[in-house]
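*Asks:* Have a look at this one.
Bear in mind that the values in this text are calculations on the coordinates, not laboratory data. Just so we're clear, the structure is a prediction, and the values are computed from it rather than from any experiment. When we count neighbours, we look across all protein chains shown, and the Cβ atoms used for this are built from the backbone with ideal geometry, even at glycine.
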Amino acid sequence: MRGMREESAAAGIPAEDGRTTQTPDGLADADVYDVDYSDPDQLLVDREGIPAADVRQITELMSSLGELRDAEERLSEASRRYMRLNDTDMRALHYLIVCAHRGILATPGGIAHHLRISSASTTKLLDRLERGGHIVRAPHPTDRRALAISITPQTHQAAMETVGRQQAKRFYAAARLTAAERDVVIRFLRDMAREIAPGDEAWTQRQPED
């Protein structure tokens, strides 16, 4: 299988999204996900006893995850360009849309918790979105200490009809699987999330420099 992948890459065969599968340096896009290339001396992943066919299939799986991340990044970039907002702004608007659909009053505290940002950063974000005409601040009906934040109808409609509609296509991919297949995918994704989540390793505790 690797030989076939290398031949296709060498030939510069376009991928489904129109990009070629090989960089100008001669490295196939999929090679960056190949464990034999990333970790040839097995310093990170001990592959002793794992059949070569299984390693190739796992590499194909990692490559598929990479393709998904690439597609998500391209969609995110297109979304930011269209809405003229940054990634955090877009996540905040998505939160407000879901709150609106659930009949929940969004607050600065809820937004800060969802985005995992400080109160000061949340205030700056809301100032920016309000200036752009994307949100409205209003007194909270039951908590005098809080504000109720809502997305404007114009921004709500624009986001739903463009970015939201494209993002929603994920549902169709999941719907094409059987219930049993979805269970496998759910278990795999949650297991992988647990595996790669930063723990107490010293390097993960390093604070950004001023």
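*Asks:* Kindly put 188, 171 in sequence by how many other C-beta atoms sit within 10 Å of each C-beta, fewest to most. It would help to have the intermediate numbers written out before the result.
*Replies:* On the way: 188 12, 171 9.
Fewest to most other Cβ atoms nearby, the residues stand as 171, 188.
*Asks:* Further, regarding this structure: Using a Förster distance of 30 angstrom, determine the FRET efficiency expected from the C-beta separation of residue 177 and residue 117, and round it to 0.05. The partial results should precede the final answer.
*Replies:* Working: r = 35 Å, r/R0 = 1.16.
So the FRET efficiency works out to roughly 0.30.
*Asks:* Continuing with this model, one more query. Run the numbers on the chain and let me know its relative contact order in percent, using alpha-carbon pairs under 8 Å that are six or more apart.
*Replies:* Working: 121 pairs, mean separation 21.3, N = 210.
Value for the chain: 10 percent.
*Asks:* Expected output is a single nm value to one decimal: the length gained when fully extending between residue 168 and residue 192, i.e. 0.36 nm times separation in residues minus the C-alpha distance. What is it?
*Replies:* 6.3 nm
*Asks:* Between rounded, prolate and oblate, where does the stretch 87-167 land on the alpha carbon gyration tensor, with a ≥ b ≥ c its root eigenvalues, rounded for a/c under 1.5, else prolate if a/b exceeds b/c?
*Replies:* prolate
*Asks:* Would you give the gap between the C-alpha center of the stretch 103-119 and the C-alpha center of the stretch 60-92, rounded to a whole Å?
*Replies:* Measuring centre to centre over Cα atoms gives 22 Å.
*Asks:* Further, regarding this structure: Using 0.36 nm per residue, how much length does the chain from residue 56 to residue 161 gain when fully extended, once their Cα-Cα distance is taken away?
*Replies:* Contour length minus Cα-Cα distance gives 33.8 nm.
*Asks:* What are the principal axis extents of the Cα atoms in the chain, in Å, biggest first?
*Replies:* The Cα atoms of the chain stretch 65, 42, 41 Å along their principal axes.
*Asks:* Put +1 on the Cβ of every Lys and Arg and -1 on every Asp and Glu Cβ in the chain; which of 82, 197, 35 then has its Cα farthest towards the positive end of the dipole?
*Replies:* 82
*Asks:* Looking at the chain, which longest stretch skips every one of the GluC sites (Glu not before Pro) that is in a DSSP loop with at most 12 other Cβ atoms within 10 Å, leaving the sites themselves out? Could you put the intermediate results ahead of the total?
*Replies:* On the way: sites that count: 16, 48, 201, 209.
Here the longest run is 49-200.
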